[in-house]
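Undergrad: Got a structure for you, written out below as structure tokens; questions coming shortly.
What follows is calculated from the coordinates using simple rules that are stated; it is not laboratory data. Remember, it's a predicted structure, so these values are computed and weren't measured experimentally. All Cβ positions, even for glycine, are placed from backbone atoms using ideal geometry, and neighbour counts span all protein chains on display.
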There are 2 protein chains.
Amino acid sequence: MNRIFEQTKLAFDLPKDIIYLDGNSLGPMCHASRTRLMDEMDNQWSKKLIGGWNESGWYQLSQTVGDKIAALIGADKGSVSAVDSTSINLYKALHAALGLNSERRVILSDKSNFPTDLYVAQGIIKQLNQHADKPFILKIVEAKELISAIDKNVAVVMVTQVDYATGRLLPIADIIAKACLQGTKTIVDLCHSAGALEVNLTALGVDFAIGCGYKYFNGGPGAPAFIYVKPSLLDKIEPVLSGWMGHASPFDFDLQYRPADSINKMRVGTPSILGLASLDAALDVWQGVSLKQLRARSIELSELFIKEINQHTSELELASPVNAQMRGSQVSFCFEQGYALVQALIAQGVVGDFRMPNIVRFGITPLYIDEADILQAVQKIALVLEQRLWDQAQFKVRSAVT
Amino acid sequence: MNRIFEQTKLAFDLPKDIIYLDGNSLGPMCHASRTRLMDEMDNQWSKKLIGGWNESGWYQLSQTVGDKIAALIGADKGSVSAVDSTSINLYKALHAALGLNSERRVILSDKSNFPTDLYVAQGIIKQLNQHADKPFILKIVEAKELISAIDKNVAVVMVTQVDYATGRLLPIADIIAKACLQGTKTIVDLCHSAGALEVNLTALGVDFAIGCGYKYFNGGPGAPAFIYVKPSLLDKIEPVLSGWMGHASPFDFDLQYRPADSINKMRVGTPSILGLASLDAALDVWQGVSLKQLRARSIELSELFIKEINQHTSELELASPVNAQMRGSQVSFCFEQGYALVQALIAQGVVGDFRMPNIVRFGITPLYIDEADILQAVQKIALVLEQRLWDQAQFKVRSAVT
């Protein structure tokens, strides 16, 4: 198994002096992305100019990339479009889901959802309640109360499978089963799942899914996100963001919007070709990688990491579930001076990240992280703790992004 | 004056055997964009990884680029954000404008508006009318009836200054003056104006403007678009697309959305850094270029083009206004076999484009087009017409994008 990952590691352009345990925040660059972007500049955009839309595959690129992503999340070909940002794709999915359940008024989510998902829902609620006869409600419960909170009033339940802070997995199969029974539509945010876990959207029966191109898919900073629509729903939904790239025939320049009958209907304006090209190339690293193997490897490395941390220090308290089956592909710890610790670790070449209020987070990404990296990272973490190297860092001004 | 444009021409990587009269559709690549993208790959993303958000200026890039665009459209620093697509930015602007005029129900536009703008408005109308007590209406009139159609029922008038097909300019100063009198909010689509005309949003008193990064700004295929909000309105509007990048403090991970008090509130999800980087570099070509000079040069070249065409052929009928002051930076002709003509011209190295039903369109872009290009293009156009070279092209299958 590990021979596959020895190969995939070679696909990445990683600095020699850094152990990068933050691929769950921004994936590193594949050599193939660099080659591809060079080609887009030297042979496509600069040479073919406007002709690139036909000749360089730009026009279909959201779908080309979408199909590659579909294969990694257990979705049918033609059910995923790579376009816009995760937040905007969630907005599309929420409106579509509400439209399919137009008699109901409740959007259900949980406190551990990624905040932007809640923000997007808050925006929709505010907008709809300017005119709605019966007010829409965003109901936010504890994660463990999600299933019991799904009833016939709930139009849509939206959840993020992996808690961004602790890595805790939600029981999405059970959530979806209950939603199905109650006629509640489902939206699953796969930002920390896609490329990290075995996900089978078709088998789960999820209605909509969204996710990110720049974390485990390594598409580059601000890479296009993706949106999945269950194939049986595709012709039942009307895009709320109705732009020309989602039109059945954009270049007819009709005055009337008529949505495409494919997943292209989820496109809005002109998609970012440079972003898509980088992501497209980065997705090729997955050829020959099974997600089952990747997940097994992720657990193996995570277990090693936790075991070694426990052996070397007692200062870090595991914030992630102890049970590997309940954990995504990250390991988080509580540490009061978490921000300072992360800064001190970065100075030592171990890159993780900090999340409020006291979470120190390490992404375990088998495509380019191996046992040697884990062992070396733990040594450095132990050193920083033992020598209290974070002490000097704690008074530094916190920058906007950590 | 022309010495400036001799210099700017050198900034572009243009194929030697092509006369590119389609920069109004997709601008060509600046050498600086290539250099910048190489740097983003080799020195920022691959080396700094997640640290790039702070150290490489990514977090502020929407604003950095927005400020460069602001200087080219007569807008204050801090009033423009470069983010998302034009269609999505229009969606934000329309909702914001309707929110500012919540008693009114009419969105006014005209038949010559770019179709995606109408599609976006249609989507909003459909969405709002699911719940609205008093129905919202999209009123589409002839362009010449716009001013008289603005009354106290109109919440917002949205216009594209330059007709994408004919290049005809709308009298936006008059439109805005009337709107101002009637308390109607204004949205101007600058897709074919920004980088082509002298635009002074502050002097005009426009409420919102949107536009494109990939046409006259040469940001690359699918480059991020921009949105302008009149500074006095900024704290009065609530973003309908409320994502974490528009939050006052994204990395506090609050559960409650709280919009930024800057133009950043118009951001939603994570912006495309590769797209922004290319656009950022391409905008530097404008240093030392005055838009007054650019406009004068554009008119000079357009007049030459029309005069030469008239001298060489009688088969092309001018579709653009004869009066240069009424025309954007493009020249369009009617020709029944327009699609075939464009294909035949491309085969001869003259790139224009075709727009339904019979428009052949040539963009005049002084940054990299000069007299010699115009004269050579006209010779080739005359040759193709004289020898009916379009005749063989007319039966070719039309591809999706022309």
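Undergrad: With the alpha-carbon atoms as the only input, what is the per residue convex hull volume for region A:213-316 in Å³?
TA: Looking at region A:213-316, the number lands at 177 Å³ per residue.
Undergrad: What is the distance, in nm, between label points placed 7 Å from the Cα along the Cα-to-Cβ direction at residue B:262 and at residue A:392?
TA: 3.1 nm
Undergrad: May I ask you to evaluate 6.51 cos²θ - 1.76 cosθ + 1.60, the Karplus curve with θ = phi - 60°, for each residue of region B:306-317 and list the ³J(HN,Hα) values in order in whole Hz, giving x for glycine and proline?
TA: Taking θ as phi minus 60°, the curve returns 5, 4, 5, 4, 4, 6, 9, 7, 10, 7, 9, 9 Hz for region B:306-317.
Undergrad: Sequence-distant or interchain residues sharing an amide H contact under 5 Å with residue A:30, placed H: which?
TA: The answer is A:13.
Undergrad: For the protein assembly as shown, what is the per residue volume of the convex hull drawn over the alpha-carbon atoms, in cubic angstrom?
TA: Hull volume normalised by residue count: 145 Å³.
Undergrad: Can you tally the net charge around residue B:247? Count Lys and Arg as +1, Asp and Glu as -1, for every other residue whose Cβ sits under 14 Å from the Cβ of residue B:247.
TA: Result for the local shell: -2.
Undergrad: Ok, one more. With a 4.7 Å Cβ cut-off, tell me which Cys residues in chain B come up empty for a partner.
TA: When partners are defined as cysteine Cβ atoms under 4.7 Å apart, chain B leaves B:30, B:180, B:334 without one.
Undergrad: Give the cross-link partners of residue B:48 among the lysines, using a straight C-alpha distance below 16 Å as the criterion and excluding same-chain residues fewer than 8 apart.
TA: Once the sequence-local lysines are set aside, what remains near residue B:48 is A:16, A:215.
Undergrad: Sticking with this structure for a sec: Mind checking the angle between helix B:273-283 and chain B's longest principal axis? C-alpha axes, 0 to 90 degrees, to the nearest 10.
TA: It is inclined by approximately 60 degrees.
Undergrad: Which whole-Hz ³J(HN,Hα) couplings does region A:88-104 yield from phi under the Karplus relation 6.51 cos²θ - 1.76 cosθ + 1.60, θ = phi - 60°, glycine and proline marked x?
TA: 5, 5, 5, 4, 4, 5, 5, 4, 5, 5, 5, x, 7, 10, 5, 7, 9
Undergrad: Something else: Hey, what did chain A get for relative contact order, percent, Cα under 8 Å, at least 6 apart?
TA: Worked out over chain A, it gives 22 percent.
Undergrad: I've got another one for you. Work out Dmax and Rg for region A:1-50 from the C-alpha atoms and quote the Rg first, both in angstrom.
TA: 14.9, 45
Undergrad: Calculate, for residue B:235 and residue B:137, the FRET efficiency according to 1/(1 + (r/R0)^6) with r their C-beta to C-beta distance and R0 25 Å; round to the nearest 0.05.
TA: 0.30
Undergrad: What is the average number of partner chain Cβ atoms found within 10 Å of a Cβ in B:116-126?
TA: Going residue by residue through B:116-126 and averaging, the value is 6.
Undergrad: So in region A:57-286, what percent of DSSP beta bridges are antiparallel if you round to the nearest 5?
TA: Antiparallel bridges make up about 35 percent of those DSSP assigns within region A:57-286.
Undergrad: Pick from A:50, A:237, A:69: which is most flexible by mean-square fluctuation in a GNM of chain A where alpha carbon atoms under 10 Å apart are linked?
TA: Fluctuation is largest for A:50.
Undergrad: Taking the Cβ of each residue in A:215, A:77 as the centre, tally the other Cβ atoms inside 10 Å and list the residues starting with the fewest.
TA: A:77, A:215
Undergrad: Averaging over every viewing direction, what projected area does the convex hull of the Cα atoms of chain B cover, in nm²?
TA: Mean projected area of the Cα convex hull: 20.8 nm².
Undergrad: Take the Cα atoms of region A:293-370, build their convex hull, and give its volume per residue in Å³.
TA: With only Cα atoms used, region A:293-370 gives 89 Å³ per residue.
Undergrad: Roughly how compact is region A:101-202, stated as its Cα Rg over 2.2 N^0.38 Å to two decimals?
TA: 1.06
Undergrad: Along Cα→Cβ at 7 Å, what distances in nm separate the residue B:15 label point from those on the other copies, shortest first?
TA: 4.0
Undergrad: Sort out for me the Cα centre separation of region A:174-253 from region A:97-121, rounded to whole Å.
TA: Measuring centre to centre over Cα atoms gives 14 Å.
Undergrad: Right, another one. Considering only DSSP beta bridges with both partners in the protein assembly as shown, what is the antiparallel share in %, to the nearest 5?
TA: 55 percent
Undergrad: Mind checking which aspartates and glutamates have their Cα closer than 15 Å to the Cα of residue A:77? Skip sequence neighbours fewer than 8 apart in that chain.
TA: A:67, A:261
Undergrad: Once amide H atoms are placed 1.01 Å from N in the peptide plane, what residues at a sequence separation of 5 or more from residue B:330, or on another chain, have their amide H within under 5 Å of its amide H?
TA: Correct list: B:364.
Undergrad: Looking only at other chains, what is the average number of their beta-carbon atoms within 10 angstrom of each beta-carbon in A:10-17?
TA: 2
Undergrad: Using DSSP, restrict attention to beta bridges with both residues in chain A and report what percent are antiparallel, rounded to the nearest 5.
TA: For chain A, the DSSP antiparallel bridge percentage is about 55.
Undergrad: Sticking with this one: Which of the aspartates and glutamates could a cross-linker span from residue B:185 if the Cα-Cα distance has to be under 14 Å and same-chain partners fewer than 8 positions apart are dropped?
TA: B:103, B:151, B:174, B:207
Undergrad: Evaluate peptide B:128-138: per residue, the Cβ atoms of other protein chains within 10 Å of its Cβ; return the mean as an integer.
TA: 3
Undergrad: Let me ask something else. Of A:28, A:379, A:65, whose Cα points farthest to the positive end of the dipole of chain A (charges on the beta-carbon: +1 Lys, Arg; -1 Asp, Glu; origin at the Cα centre)?
TA: A:65
Undergrad: Between region B:349-371 and region B:283-337, what is the separation of their alpha carbon centroids in Å?
TA: That distance is 9 Å.
Undergrad: Lys/Arg Cβ at +1, Asp/Glu Cβ at -1, dipole of the protein assembly as shown taken about the Cα centre: which of B:264, A:289, B:286 is farthest positive-ward?
TA: Result: B:264, furthest along the dipole toward the positive end.
Undergrad: If amide hydrogens are placed 1.01 Å from N in the peptide plane, which non-local residues have theirs closer than 5 Å to the one on residue A:110?
TA: Correct list: A:141.
Undergrad: Calculate for chain A the 222 nm mean residue ellipticity that helices alone would give, adding -39,500 (n - 2.57) per DSSP H run of length 4 or more and normalising by residue count, nearest 500 deg cm²/dmol.
TA: So the calculated ellipticity at 222 nm is -11000 deg cm²/dmol.
Undergrad: Shifting gears a bit: Two decimals is fine: what's Rg over Rh for region A:57-286, C-alpha atoms, Kirkwood radius as Rh?
TA: Across region A:57-286, the Cα-based Rg/Rh ratio is 0.95.
Undergrad: Here's a follow-up. Rank the residues B:365, A:166 as a footprinting-exposure proxy: fewest other Cβ atoms within 10 Å of their Cβ go first.
TA: A:166, B:365
Undergrad: Taking neighbour counts of Cβ atoms within 10 Å as a proxy for exposure, in what order, fewest first, do B:90, B:49 appear?
TA: The most exposed by this proxy come first: B:49, B:90.
Undergrad: Using a label point 7 Å beyond Cα on the Cα-Cβ vector, give me the inter-copy distances for residue B:238 in nanometres, one decimal, shortest first.
TA: 2.4
Undergrad: Any chance you could run the full-extension gain for residue B:334 through residue B:38? It's 0.36 nm times the residue separation minus the Cα-Cα distance, nm to one decimal.
TA: Difference between extended and current length: 102.3 nm.
Undergrad: Holding the Cα-Cα limit at 24 Å, pick out from A:47/B:380; A:230/A:265; B:139/B:178; A:126/B:92 the pairs that are longer than that.
TA: none
Undergrad: What residue among B:343, B:318, A:352 has its Cα farthest toward the positive end of the dipole of the protein assembly as shown, where the charges are +1 on Lys, Arg and -1 on Asp, Glu, each on the Cβ?
TA: B:318
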